Amino acid sequence: MKELLSGNAAIARGAYEYGVTLAAGYPGTPSTEILENLSRYDEVYSEWAPNEKVALEVGIGAAMAGARALVTMKHVGVNVAADPLFTAAYTGVNGGLVLVSADDPGMHSSQNEQDNRYYARFAKIAMLEPADSQEAKDMVGLGLEISEKFDIPVMLRITTRVAHSQSMVELGEPGAREIKQYAKDVKKNLMVPAFGRLRRVSLAERLAKLTAYSESAPVNFIVKGSAKTGVITSGISYQFVREVLPDASVLKLGLTNPLPVELIKQFASCVESLYVVEELEPFLEEQIRMLGIKVTGKELFPATGEFSQGLVRRKFIEAGVLPARPAAENPLAGLPAAPPRPPVLCPGCPHRGVFYTLRRLKLTVTGDIGCYTLGGLPPLEGIDSCVCMGASIGMSHGIDKAVPGLRGKTVAVIGDSTFLHSGITGLLNTVYNGGDSTVIILDNRTTAMTGHQDHPATGRTLKGKEAPEVDLTMLCKALGVPRVEVVDPLDMAKLKEVVQTEVAASGPSVIIARRPCALLKRENRPAVTVDPEKCNGCKTCLRLSCPAISVTDKKSAVDPNLCVGCNLCVQVCKTGAMKGGNACA
Amino acid sequence: MLKPVDVLMVGVGGQGTILASKVLAAAARAVGYDVKVSEIHGMAQRGGSVVTQVRLGEKVHSPLISEGEADVILAFEQLEALRWLSYLKPGGAVIINDQQIYPVPVLAGEAEYPAGIIEQIKGKINNVLVLDALRQSIRCGNAKAANVVLLGALARELPIEEEIWREALAATVPPKFLEVNNAAFTAGYNSRSL
Ligand code: SF4
Ligand code: SF4
């Protein structure tokens, strides 16, 4: 039977069919739906870990003990998990271990577009790159096999367009979930220098065997076409190439680390001109050049952003491979440009008032990763920086210690899920080193941006079971924070007062701004109405950046279909023109 | 030989393009099409501009539609129709929901919502169908079925029988909403341009 599945759903299906016993990960676009789909199969145990490093360690443990394991994360998550990854290449596995790295070329929902294929080469592990959902499913099975056969972790590297595109997948029957025998073996699993050195040599041998396998791996194949133009490609770029150059010869690489050197040489010798089409970095290209083969790659195709068949076609026209199209007149000339529509915090979002307040108080605000990063965009403009998960706390401490002029005027904001992911150690550092920072935990009781996943403070697991709920106040106190306050972020007067007090107080403090995400808990509150007699068109309410509020002809209006009655605009309006809503409902 | 069709569904995060693409994909599969659908998740879904791309053919390679390639653009909102219009192929059809949703730069007074979008698009494109999907769906009993009204209008443009659409709809929406959705589909299917 065939089904239309996204790449992520197909990977979950693959884990189910190919005997995975345990799966772990941390939510991150575009990887999140893998575990969400997998959690529906009762046969497979799956969990959200507080961060990617823990998730991978859970997977390494399961694999060492003999079970097949799948670990999922977005590209930047692999940075967090890199420490165990590099040494897991030395130890190898017992049961198969597949790490899914979901890269985001074009940065649809990410802070950078790093090319994680380099991780596979750097860590010396095997890497598979699917080009559609069928391959994504199949490569889970192949990855587990390779992992066990060559005693090595395998990276399944996908990109947004593989993860979030749906294509047809042939469903198979689930195989047995076998657990291999575990035998204590310190020379393999206890990486002290003496044993590490042995495994370092063994890793080189394992990679050499893998290279030999790569030459005949079924996922590295040639689509025979004209000898005039040859293209080497992998992942989603393969689809663009097939679409644009249906007659060219194509070497499609599915196992991209280590590369099949002989196959590449042979293919190169059969075509007149050779191109490498790959998104992001010249990963294949550089290695092919090192073989002494002449190719055209990044001098033609961009190293930034996402590809499409439109772009690939344009580039092959530029190179003279395809005939130029007659320049047609632009039929749309004269139409107005569409103003941008950036994402925005939802109506009723509990974060809105916090950023409004921070901006009013003219504080320097280090930010973090989540929906609330949107609070840095105009007109809220309540954040100065966003670097990576957990960075806000360390950065505010750095500012505090180094720049006297900003001391006592800096605040870190971080979400509940992000705080548990990697904020705890930052806060510990601030306390330990006598810092002065004020940290605001935006506690909306969920991992909102990625689609509302549970975490250790929500009281539920990925499987929907009840779980112990970490008490953030007690956690902060246990780290040594003397001042911890909980406020309702919809109570703007109180919020402002608490922020002012804590920023002025010496020593570290934590403010927990607690209110569930507006999409998680729909409150039944009346929409706000505006009294046009009282509204003087001052536009103060617009600074809240609520999509329900507009001002036309110097009068404010609230869209009753969008307004959820959070009452913030009523609180900021100086003329009393706004009525209704209810913060405390 | 099935005629390849590329449909671009554009709108604002939260407007329900995903359900529409599901029904289209199911209907297309029922008549033997190979189907690829591409969506955007994550940050853009928070009220940003969103696009769902659906490609049908004997064999589809790329899941994406490039500029000048879409046979039909199904726009859930006026400004989004304008934004994505360059993706339409010459001779393609545009179906526009009459609704306007102001983006934040417009709300904040930093940009203007272009006036007369529909007339201007009609001035450039021959095959434009405009409908008030929101009002029609409310008439059918549920404002949330606006996406199915639009789907009904789309069905008229594609080489798939009405019955197949109905079956795909029944297989996709929850049974308790089927009646409303059937009515919404009919409203869209029979609608004439405003
Ligand atoms: S999903 Fe929740 S946290 Fe994210 S912007 Fe909307 S209300 Fe705020
Ligand atoms: S009460 Fe005001 S700020 Fe809150 S959702 Fe309604 S319009 Fe927006």
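The values are calculated or read from the model by the stated rules, or taken from the named source; none is laboratory data. The shown structure was predicted, so the numbers you read here are calculated from the model rather than taken from an experiment. Glycine also receives a Cβ, built like all others from the backbone with ideal geometry; neighbour counts cover every protein chain displayed.
Some observations on this one:
- Residue in the range B:117-125 that is at the interface with chain A (Cβ under 7 Å from one of its Cβ atoms) and touching a Ser or Thr at 6+ places or on another chain (Cβ under 9 Å) present: no
Each row is one residue, and each column tells you yes or no for (1) among the aromatic types (Phe, Trp, Tyr); (2) under 35 Å from the mean Cα position of the chain (by Cα); (3) closer than 24 Å to residue A:106 by Cβ.
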| residue | (1), (2), (3) |
| --- | --- |
| A:244 | no, yes, yes |
| A:281 | no, yes, yes |
| A:290 | no, yes, no |
| A:293 | no, no, no |
| A:315 | no, yes, yes |
| A:323 | no, no, no |
| A:333 | no, no, no |
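- The criterion of at least 2 residues that are of a type in the set (D, E, K, R) and touching a residue at least 40 places away in the same chain (Cβ under 8 Å) is met by the following helices (runs of 4 or more DSSP H) wholly inside the range A:155-233: A:193-216.
- Answer from A:557, A:527, A:518, A:513 - the residue that is under 17 Å from residue A:349 (Cβ atoms) and either part of a strand (DSSP E or B) or of a type in the set (Phe, Trp, Tyr) (or both): A:513
- Looking across the range A:315-330, the residues that are more than 9 Å from chain B (Cβ to nearest Cβ) and without any contact (Cβ under 8 Å) to a residue 24 or more places away in the chain come down to A:315, A:317, A:318, A:320, A:323, A:324, A:325, A:326, A:327, A:329.
- Counting only helices (runs of 4 or more DSSP H) wholly contained in the range B:101-150, the ones carrying 2 or more residues that are within 18 Å of residue B:47 (Cα to Cα) occupy B:104-107.
- Subset of the range B:49-100 [of a type in the set (A, V, I, L, M) and facing chain A (nearest Cβ under 8 Å)]: B:60, B:64, B:79, B:82, B:85
- Positions within the range A:122-142 being assigned to a loop (DSSP other than H, G, I, E, B) and either modelled with pLDDT under 95 or hydrophobic (A, V, I, L, M, F, W, C) (or both), in sequence order: A:125, A:131
- Meets criteria (within 30 Å of residue B:51 (Cβ to Cβ), assigned to a helix (DSSP H, G or I) and either more than 12 Å from chain B (Cβ to nearest Cβ) or more than 19 Å from the chain's Cα centre (by Cα) (or both)) for residue A:145: no
- Residue that is away from ligand 2 (no atom under 16 Å from the Cβ) and farther than 28 Å from residue A:103 by Cα, where the choices are A:306, A:299, A:286, A:381: A:381
- Residue in the range A:472-489 that is touching a residue at least 24 places away in the same chain (Cβ under 8 Å), within 16 Å of ligand 1 (Cβ to nearest atom), within 14 Å of chain B (Cβ to nearest Cβ) and part of a loop (DSSP other than H, G, I, E, B) present: no
- Residues that are on the phi > 0 side of the Ramachandran plot number at least 3 in none of the strands (runs of 3 or more DSSP E) confined to the range A:246-314.
- Residue, farthest from the chain's Cα centre (by Cα), within the range B:169-185, restricted to residues that are crowded, with 23+ Cβ neighbours inside 10 Å and within 20 Å of residue B:5 (Cβ to Cβ): B:169
- Residue among A:525, A:514, A:543 that is within 30 Å of residue A:475 (Cβ to Cβ) and not hydrophobic (A, V, I, L, M, F, W, C): A:514
- Residue-level analysis places residue B:26 among those that are touching a helix residue (DSSP H, G or I) at 6+ places or on another chain (Cβ under 6 Å), surrounded by fewer than 23 Cβ atoms within 10 Å (Cβ to Cβ) and either at the interface with chain A (Cβ under 8 Å from one of its Cβ atoms) or in contact (Cβ under 8 Å) with a residue 40 or more places away in the chain (or both).
- In summary, residue A:547 fulfils each of the numbered conditions (1) of a type outside the set (Lys, Arg); (2) part of a loop (DSSP other than H, G, I, E, B); (3) modelled with pLDDT of 95 or more with the single exception of condition (3).
- Checking each residue in the range A:19-38 for being surrounded by fewer than 24 Cβ atoms within 10 Å (Cβ to Cβ) and either without any contact (Cβ under 8 Å) to a residue 24 or more places away in the chain or over 20 Å from residue B:42 (Cα atoms) (or both) picks out A:19, A:21, A:22.
- Sole exception among (1) within 14 Å of another protein chain (Cβ to nearest Cβ); (2) without any contact (Cβ under 8 Å) to a residue 60 or more places away in the chain; (3) buried (at least 20 other Cβ atoms within 10 Å of the Cβ) for residue A:236, by number: (2)
- Residue that is farthest from the other protein chains (Cβ to nearest Cβ), among those in the range A:78-108 that are surrounded by fewer than 23 Cβ atoms within 10 Å (Cβ to Cβ) and of a type in the set (S, T, N, Q): A:87
- Condition broken by residue A:498, with the remaining ones in (1) surrounded by fewer than 20 Cβ atoms within 10 Å (Cβ to Cβ); (2) over 30 Å from the mean Cα position of the chain (by Cα); (3) more than 16 Å from ligand 1 (Cβ to nearest atom) satisfied: (1)
Here is a yes/no grid of residues against (1) within 14 Å of ligand 1 (Cβ to nearest atom); (2) modelled with pLDDT of 95 or more; (3) more than 19 Å from the chain's Cα centre (by Cα); (4) within 14 Å of chain B (Cβ to nearest Cβ):
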{"position": "A:374", "(1), (2), (3), (4)": "yes, no, no, yes"}
{"position": "A:379", "(1), (2), (3), (4)": "no, no, yes, yes"}
{"position": "A:396", "(1), (2), (3), (4)": "no, yes, yes, no"}
{"position": "A:405", "(1), (2), (3), (4)": "no, no, yes, no"}
{"position": "A:424", "(1), (2), (3), (4)": "no, yes, yes, no"}
{"position": "A:449", "(1), (2), (3), (4)": "yes, no, no, yes"}
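- Considered as a group, the residues in the range A:562-585 that are within 14 Å of chain B (Cβ to nearest Cβ) and either free of Cβ contacts under 8 Å to residues at least 60 places away in the same chain or more than 22 Å from residue B:109 (Cβ to Cβ) (or both) include one that is nearest to ligand 1 (Cβ to nearest atom), and that residue is A:564.
- From the options A:531, A:559, residue that is surrounded by fewer than 22 Cβ atoms within 10 Å (Cβ to Cβ), at the interface with another protein chain (Cβ under 10 Å from one of its Cβ atoms) and either within 25 Å of residue B:46 (Cα to Cα) or more than 12 Å from ligand 2 (Cβ to nearest atom) (or both): A:559
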